[in-house]
Structure formats: C-alpha cells, structure tokens
Amino acid sequence: MTLEYLQNYWWLLISVLGGILVFLLFVQGGQSMLLGAPTKERRDLIVNSMGRKWELTFTTLVTFGGAFFASFPLFYSTSFGGAYWLWILILFSFIVQAVSYEYRNKAGNVYGTKTYDIFLFINGCVGCILLGVAVSMFFFGAQFTVSRGNLLDSGSPVISQWASTHGFEAIFNWKNLILGVAVLFLARMQAALYMMNNITDDPDFFNILKNKALVNGGIFVVFFLWFLAMLCTATGYTVTTNPDYTVNVVETPFKYFHNFIQLWWAGLTLLIGVVAVLFGLLKSCFSKHWTKGIWFTGIGTFLAVISLFWVAGYNDTAFYPSLLDPESSLSIRNASSSEFTLKAMSYVSIVIPFVLAYIAYVWKSMDKKKLTPDELESTTHKY
C-alpha cells in the first residue's frame, strides 16, 4: 500500500464517519423541539425517544475527532488547537447534554426537569449549528498559517498559528452559518421523522410531527440549496506536489463545481442522496400513516455528506483552505500521518464493519419495542 493510497483510504473513512455523525444529529434536532412542547408529558416523550440514541451520537463525534487526530494530525492541531473557542463551545454543549440525560429525572434533582430541558435545547441548537460551521470551513477556509520551521524555535515551537479571535471569526462568518442553519433544520426534520417511527399510540402527536417534518424540511432545502449555490461558485485551491517535493498551490475558480464533474461518482452520490431525502420527507408528510421516512432521509443524508467530503478532499483539493496564506492550506497529502502510521491504523480499521454491525444490532434491539405514552408512564427507568 502506497502513501497516496492510504491517504485516500483514510479520507474515505473520515467521510463515512462524518456521514454517520450528521445523520445521528437527529438526536440534537429532537432536543431543539423541547421548549416548543406544550406539556411535560410531551417533553418526556421527546426526551425518552431521543434518549435511546444520544450515546451513539456522542460516541461517533469522539470517534470522528479521534480518526482525524490519528490520520491527519496537522489538521487536528491546526483546527482544534487554533479555533479552540469553536471546539470548546461544541464540547461544552455535548457535556451538558450528557449531564442532562443522566440527571433529568433522578431523585433529588433540585434544579427541576425544566433546567435540564433547557440544557438539552442548547445542545440541540448550538451543537448542530457549530458542527455545521466547522464543516463549512472545509470549503470556505479559515484564518491560519502553517510554518514547519517554527519547530526550530525553542521559544514557540508551534507549527500552526491562528487569528487572534481563535474561532469566533468562523462562528460569525455568514457563509459558515448558512450550512450551520441547514444542519440544524435537517436534524429537526429527521427528529420528527424518527419519532413518527419510534412513538406509537399518540395520533395527535403523529400529526404534529408530520407538520414539523414538512416545515423544517422546507427550511432545510432552502438553506441547503443556498449552500450548494455558494459551493459550486466558490474559489478553491488545487494543491500539487512536484518531483522535488515542493508544493504548488493554485487558486482555482469554481473548484468544487469542477470536482463534482471530474469526480462524477461524487456528483452522482450527492444526487441520489438528495433524491432519497426528498422522497422520504414528502412521502412521510403526504401519506396518511407512513413511518419509514427516517430510513430514506437517513441514507440520503449519509450519501450527501460523504459526497461533500469527497469533493472537499479528493482531486488535489485543499480540504482546509487558509485565508491568510494560501501556501498554508491543508490537503490530504500534506496534512496526513506517516506511511507507517497510516498502514498500522489501516489494519486496526478492519474492525470497523464489526463495530457498525454492533451499532445496528443495538439500534434494532432498542427499537424493537416502540415507545408509547402508557409505557412511559408505567416504566421505572426514564430520562
């Protein structure tokens, strides 16, 4: 296995993990609906429906970050170490989520369930938007520089330097927020579809969820098309390596549009994903009682996300463009681990299909019995 092959392989794995993570954000989408629920009983239904899956989202997020650290450490050190306010806010929102699920209905809860509902709402909104912002930086760039010569500076041996705002500039960049808002409403749409599948014996709530899925899905489509329009007209960087190992970085207009054409399989995957999402949404909302929409939108979301990762990293594209110094832009060629490290981790990655099979088994086991209001009222274990 050559180094280039291993770099492509690990970017593929990163893409798969990213696709799974965005799909599982429906948990955050459900949490963002909590404050709009009119009664405690309805809020309990939402929390306990999402509570069956929240650990899968958290675990996938950690695995996603760990995979980046192991395979593309220069990106990890540049982004996580530079834009630390962005990542601290993401981490904080997921910490309060874990605390809320553990203590919301515990005996002796002096703060009341309302407090933890607010925490879950914060994670639902902030987590989705900021993760969308973080992914958007793969296309629209970030304010950093990279200088490997800094390793020789005993006073400050830091390769990457970030702008003094350390991530706040990315959070308030309107282009990044477009994708962040799209991710939030995608998660809300999928949460409604998931609860339509997961909660039974409550026809009034089912109809409410149908309306929520349609409204949130419509808003998502608008923001996602806006993002795609910006992406296809954006200027990217083409990074090539010369025989003498020097690097050329060329500014390329319409770079991502060309990637969709040249990487035709990425464009086709995006198209299939979008069609699957629209089919699952529309059939769920306009059928009398169809509950399988979450599977179509989930698969469609996964396909759309991995296609976006492919056009961000393949075809000699800088997957992390630098807005301060184009020569500092990161690609899968100049940001990866060594060939030995990637090869060793590739053997470990063989267990990934078994992990995914275990997740599928756990999912099926937890959803074998649907959630009902009567069951929630009688059970002794609830979130």
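Please go through the stretch 24-43 and give me each residue that is surrounded by fewer than 22 Cβ atoms within 10 Å (Cβ to Cβ) and farther than 12 Å from Leu120 by Cα, ordered by number.
Gly36, Ala37, Pro38, Thr39, Lys40, Glu41, Arg42
Taking the stretch 17-72 as the search range and keeping residues that are of a type in the set (Lys, Arg) and in a helix (DSSP H, G or I), which one is farthest from the chain's Cα centre (by Cα)?
Of the residues in the stretch 17-72, the ones of a type in the set (Lys, Arg) are 40, 42-43, 52-53.
Of the ones still in play, those that are also in a helix (DSSP H, G or I) are 40, 42-43.
Details: Lys40: 30, Arg42: 27, Arg43: 25 Å.
Among residues in the stretch 17-72 that are of a type in the set (Lys, Arg) and in a helix (DSSP H, G or I), the one farthest from the chain's Cα centre (by Cα) is Lys40.
Would you point out which residue out of Leu371, Leu356 is hydrophobic (A, V, I, L, M, F, W, C) and buried (at least 16 other Cβ atoms within 10 Å of the Cβ)? Steps first, answer last, please.
Working: Leu356 fails: buried (at least 16 other Cβ atoms within 10 Å of the Cβ).
None of the others qualify; the one that does is Leu371.
Please go through the stretch 166-222 and pick out each residue that is in a helix (DSSP H, G or I), over 27 Å from Arg42 (Cβ atoms) and polar (S, T, N, Q).
Result: Asn176, single match.
In the stretch 339-361, how many are closer than 30 Å to Asp44 by Cβ and modelled with pLDDT of 80 or more?
So the count comes out to 2.
Among the residues of the stretch 136-146, are any free of Cβ contacts under 8 Å to residues at least 60 places away in the same chain, over 13 Å from the mean Cα position of the chain (by Cα) and in a helix (DSSP H, G or I)?
For the stretch 136-146, residues free of Cβ contacts under 8 Å to residues at least 60 places away in the same chain, over 13 Å from the mean Cα position of the chain (by Cα) and in a helix (DSSP H, G or I): absent.
Six or more apart or on different chains, Cβ atoms under 6 Å: show the pairs whose first residue is in the stretch 304-329 and surrounded by 24 or more Cβ atoms within 10 Å (Cβ to Cβ) and modelled with pLDDT of 95 or more and whose second is charged (D, E, K, R) and part of a helix (DSSP H, G or I).
If the second residue must be charged (D, E, K, R) and part of a helix (DSSP H, G or I), no pairs are left.
The values are calculated or read from the model by the stated rules, or taken from the named source; none is laboratory data. A quick note: this is a predicted structure, and the numbers were derived from the prediction, not measured. FYI the Cβ positions are ideal-geometry reconstructions off the backbone, even for glycines, and counts take in every protein chain you see.
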